[in-house]
Amino acid sequence: MSGNGAFMTSRTLQTIGQQVGRRSWAEPWKIKMVEPLRMISREEREVALNEAGYNTFLLRSDDVYIDLLTDSGTSAMSDRQWAGMMVADEAYAGSRNFYHLEEAVHRYYGYQFVIPTHQGRGAEHLISRVAIEPGQFVPGNMYFTTTRHHQELAGGTFVDVIIDEAHDAAVIHPFKGNVDLDKLEALIAREGAARIAYVSLAGTVNMAGGQPVSMANVKALRALCDRHGIKLYLDATRMVENAFFIQEREEGYADRSIAAILFEFCGYTDGAWMSAKKDSLVNIGGWLAINDPVMFEELRNLVVVFEGLHTYGGLAGRDMEAIAIGIAESVQDDHVRSRIGQVRYLGDLLNIWRIPIVQPVGGHAVFLDAREFYPHVPQVEFPAQTLAAELYLDSGIRSMERGVASAGRDAATGNHHFPRLELTRLAIPRRVYTQAHMDVVAESVRAVYQARAETRGLRMVYEPKYLRFFQAKFERL
Ligand code: F0G
């Protein structure tokens, strides 16, 4: 293991920092409990990767050293969250922890009616069923895998209306997640407002590289939706991180708290679904929240069928308590700064070494640009999947493909979707890894980059019907 090398890098950076009088920030917590990591040999990793069909989703986590597969459900909970779980109320109906959750969503996100769900896709399922009629369109700022899948299952057709810049990894734009209002107007003009189910807005945009939406954009979007009588629903999964970028980059918000920005942003939308496994610092859970009482009635009825009673939605009382506490912790300014600061630290190292990544570095992850990494591997040979496999072989680091395998097939033609972005995501769990871990990751990426010319692509040998990237298997060409 290159422990010394990792240390050297951060020292070098600090030396650079001292030259310009740098004052560092540090995480607003200290470590109370640790989980030992294990690193297996390169030969053992070869075997493990072969058995997993070159799909990092199919590896055993015991065979992984630093796990950057996802920031979902992988964060470290605080002592307060754990304490809250111990005194939770496991009643089937009306658990006090449900009311704590409801109160936290009211207070920080501002929506009136709240329904817990087992995780984000449970909420996506419910809202898609209730708000989409077969044949309708669902415009949104770039697709997300499970979101689009539920919209399609409900008979909708997703239409991408994100700004063009979002599809170009190298372009620098402060709000690459923005909706292109002209694209949306054109869709409404072509299809008629009645054929638009709702606008599906995500902050930040996962598949674009964790890129934010500006407050100006959501305001304009609200006005546009009002003119046409169209609802605006928010995927609030990483909206706290989105609020950080507004505070950092948008005029008039530098002195507003993350909590105030979050509250204002949500106020322009009619409701939201949430995977609490991200921003809210828990291992499981989600919710759906809405302001319309009629729709709430329908959703509250439907949740009983698919998730559980409307006061637990598939969660234990302790899970709801952990979310309620996690929400309050997640909106603290110093927490968000250090969380995104760590992601940026990794991105900055890769930028210094001129390794191609999505610019600018987003909220939850650093995305490697696999097209630029492997220009000799065509997209049908899964360059981003290949890169994820190579990283694992090099160092036991687990990442995730976000390219053609994730994009799946067109529901109508059956052909592959070929997204312009062919990315390998290094997602950083919250409050889990240290700066030295980030150094080790950066150095492994650099080693794989240096060996890129010899790398060959993959062929898919098993393809599941739904959300294929989770379980597909590949072979080396
Ligand atoms: N929306 C966004 C933007 C997401 O990133 C996710 C999950 C979901 C909805 C679905 O939530 O997993 O709780 O059912 N993203 C994870 C990821 C899986 O790794 O990016 P879920």
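The values are calculated or read from the model by the stated rules, or taken from the named source; none is laboratory data. From a predicted model like this one, the values you see are computed outputs, not experimental measurements. FYI the Cβ positions are ideal-geometry reconstructions off the backbone, even for glycines, and counts take in every protein chain you see. To get the accessible areas, we keep the full protein, side chains included, count just its heavy atoms, and leave off ligands, DNA and RNA. Shrake-Rupley method; radii C 1.70, N 1.55, O 1.52, S 1.80 Å.
Can you pull out every residue in the range 361-400 that is of a type in the set (Ser, Thr, Tyr) and within 16 Å of the ligand (Cβ to nearest atom)?
Answer for the range 361-400, where residues must be of a type in the set (Ser, Thr, Tyr) and within 16 Å of the ligand (Cβ to nearest atom): just 399.
Find the residue count for the range 275-297, including only residues that are out of contact with any Ser or Thr (no Cβ under 7 Å at 6 or more places or on another chain) and either surrounded by 24 or more Cβ atoms within 10 Å (Cβ to Cβ) or within 13 Å of residue 121 (Cβ to Cβ) (or both).
So the answer is 6.
From (1) within 12 Å of the ligand (Cβ to nearest atom); (2) among the small types (Gly, Ala, Ser); (3) free of Cβ contacts under 8 Å to residues at least 40 places away in the same chain, pick out the condition that doesn't hold for residue 252.
The failed condition is (1).
Identify all residues within the range 389-438 that are assigned to a loop (DSSP other than H, G, I, E, B), closer than 23 Å to residue 151 by Cβ and of a type in the set (A, V, I, L, M); write none if there are none.
411, 412, 421
If you take the residues in the range 450-471 that are closer than 14 Å to residue 375 by Cα and of a type in the set (S, T, N, Q), which one is surrounded by the fewest Cβ atoms within 10 Å (Cβ to Cβ)?
Here the residue is 450.
Find all pairs meeting these conditions: Cβ atoms under 8 angstrom apart; at least six residues apart or on different chains; first residue within the range 283-310 and modelled with pLDDT under 95 and part of a helix (DSSP H, G or I); second residue away from the ligand (no atom under 16 Å from the Cβ) and aromatic (Phe, Trp, Tyr).
none
If you take the residues of the range 108-156 that are at negative phi and without any contact (Cβ under 8 Å) to a residue 24 or more places away in the chain, which of them is nearest to the ligand (Cβ to nearest atom)?
Taking the candidates together, the pick is 148.
Looking only at helices (runs of 4 or more DSSP H) that lie completely in the range 117-228, which have at least 1 residues being open to solvent by 40 Å² or more (accessible area, probe 1.4 Å) and of a type in the set (Gly, Ala, Ser)?
181-191, 215-228
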